[in-house]
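Here, each number is a calculation from the coordinates, and none is a lab measurement. Being a predicted model, the structure only gives us computed values, none of them experimental. Positions of Cβ are backbone-derived with ideal geometry, glycine not excepted, and every protein chain shown enters the neighbour counts.
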Amino acid sequence: MLMAHPAVLKNLIDEYETLRVLHAEQGSTAVRQRMDDLAYTLCVSTGTRDIDAALIAARYQLPGARPEDDSLLTS
């Protein structure tokens, strides 16, 4: 699977979440279409089938999303 550049993913996430916060799904046809396009692009970019999974997967691919796991270290 091709991986989207983290900067592209960040921009897609930011734009989608901005539109979601503004309740764009209730807006004009053009704005709803943009939101659908962003959701589709995020799904394709992350290999997922729904926007919630796509957002989780996209965030996981951003720098700093996976800090070092120290759960196996002893005290």
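Tabulated data
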read-out: From phi via Karplus (6.51, -1.76, 1.60), per-residue ³J(HN,Hα) for segment 28-35 in Hz, x at Gly/Pro; value: 5, 4, 5, 6, 4, 5, 4, 5
read-out: Length gained when the stretch residue 57-residue 32 is fully extended (0.36 nm per residue, less Cα-Cα span); value: 6.7 nm
read-out: For segment 41-50, 3J(HN,Hα) per residue [Karplus equation, 6.51 cos²θ - 1.76 cosθ + 1.60, θ = phi - 60°, Hz, x = Gly/Pro]; value: 5, 5, 5, 5, 5, 10, x, 10, 10, 9
read-out: Within segment 1-55, trypsin sites (Lys or Arg not before Pro) in DSSP loop having at most 16 other beta-carbon neighbours inside 10 Å; value: 49
read-out: Tail beyond 14 Å, pair distance distribution of segment 23-64 (Cα, percent); value: 49 percent
